[in-house]
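Q: First the structure, which I've put down as structure tokens, then a few questions once you've had a look.
The values are calculated or read from the model by the stated rules, or taken from the named source; none is laboratory data. Keep in mind it's a predicted model, so treat the numbers as computed, not measured. Don't worry about glycine lacking a Cβ; one is built from the backbone with ideal geometry, like all the others, and counts go over all protein chains shown.
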């Protein structure tokens, strides 16, 4: 003769009923998007100064600091007729392979002009491998209001760095 114990069954039913009335953990993506924490590191952006010049001077320190070797930078010389950045050089080629990138932020830390910044974009999907390589044009931010697009033509020997705290080099 066996004794039937209904207690484990009742505990299981109680757990099931409790989970029915609890708030769900999952989000209804893509209608509902997760709020990312402040320190989240997502897709890269190349920043601009207020006057529209690019902050990147083509020094390639970001590529040297990248542990995954995901960044390729090639620099070219600025002239007064064709000026992309306030320095002597600019990055004529800037590519980031997002499939190799580990989103560590070392590139952001190594940049002397704060040109590269990891943003909050996390919706990165690609159907082809070659689409995961983001070029300079895809990384550059929009020209700010009141700024001019690059390349800019400046008066020989003069250009506005757009940095208010920098002393005049004269």
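Q: Which of the residues spanning the range 108-118 are surrounded by 13 or more Cβ atoms within 10 Å (Cβ to Cβ) and not in a strand (DSSP E or B)?
A: 108, 110, 111, 113, 115
Q: Next question. Checking the structure you have, find out if any residue of the range 70-86 is in a loop (DSSP other than H, G, I, E, B), in contact with a strand residue (DSSP E or B) (Cβ under 8 Å, 6 or more places away or on another chain), modelled with pLDDT of 95 or more and on the phi < 0 side of the Ramachandran plot.
A: yes
Q: Can you name every residue in the range 69-107 that is surrounded by fewer than 17 Cβ atoms within 10 Å (Cβ to Cβ), within 17 Å of residue 49 (Cα to Cα) and either touching a residue at least 40 places away in the same chain (Cβ under 8 Å) or under 14 Å from the mean Cα position of the chain (by Cα) (or both)?
A: Hit for the range 69-107 is 82, nothing else.
Q: For the range 43-59, check the following and say yes or no: at least one residue is crowded, with 17+ Cβ neighbours inside 10 Å, under 12 Å from the mean Cα position of the chain (by Cα) and farther than 27 Å from residue 153 by Cα.
A: Within the range 43-59, one or more residues are crowded, with 17+ Cβ neighbours inside 10 Å, under 12 Å from the mean Cα position of the chain (by Cα) and farther than 27 Å from residue 153 by Cα.
Q: What are the residues in the range 125-147 that are surrounded by 13 or more Cβ atoms within 10 Å (Cβ to Cβ) and assigned to a loop (DSSP other than H, G, I, E, B), if any?
A: 141, 143, 144, 147
Q: Another question, if that's okay. Could you tell me whether any residue of the range 20-39 is surrounded by 10 or more Cβ atoms within 10 Å (Cβ to Cβ) and in contact (Cβ under 8 Å) with a residue 12 or more places away in the chain?
A: yes
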